[in-house]
Structures are given as structure tokens and as C-alpha cells.
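Inspection log for the structure reproduced underneath, given as C-alpha cells.
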Amino acid sequence: MWVESQTTWHVSVKGSDWISLPASVALPFGVFEKVLRSEANRAVDTEYGDLCRSLDGEPEKLDLLAGLREVILKMQARRSFSPRSDLR
């Protein structure tokens, strides 16, 4: 699956107009949390946790939801990730 993703990305970057990248992805259960809690994302994890606690069960606080989206975009992606070994 990773090879297919890399191939799709490579072809789309090289200028094939008929291939586009998806607007979203589906992550296996637990991957988001694992990456968020990695050393590279320590500050992002703290900020994310603070905002989640601020929601306090009130999802109508739209400004906080927008803030969560902004914080998530600050995450640093890992160069490699092996769900079989890293999630245990």
C-alpha cells in the first residue's frame, strides 16, 4: 500500500493532470495518537490536549474546533512508520 501511495504521489507531482491526490486519508486505529505523542510532536500534543479539555463536552465551541484543526496541521510527520512494531 505504501508503494502505491508513493507512486501516486510521484506521478501527480510530475505533472499528470488526470491524477489527483485525495483530499483526505484513512489512518489505521491508533496511528494518529501514536504520531501525536511522538517526541517531535510534544508541543503539539500539549496544545492539542489543552484545547480538547477546553471543549469540555461542548462541541458548539466552533472557535476551539478550528483551533484543533490548526494544531493538527502543525504535526510533524514521521519519515517511517511501521504499525506492527510502533503500536505495541
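We did not get these values from a lab; they are worked out from the coordinates using the rules stated. As the structure is a prediction and not an experimental result, all values here were calculated from the model. Positions of Cβ are backbone-derived with ideal geometry, glycine not excepted, and every protein chain shown enters the neighbour counts.
Protection proxy ranking of 25-35, 40-50, by the mean of other Cβ atoms within 10 Å over each peptide's residues and highest first, is 40-50, 25-35. At a Förster distance of 22 Å, what's the computed FRET efficiency of Arg53 paired with Phe32, Cβ-Cβ distance as r, to 0.05? The calculated FRET efficiency here is 0.80. A crude spin-label estimate for the pair Glu60 and Ser24, with each label 7 Å from Cα along the Cβ direction, gives 2.4 nm.
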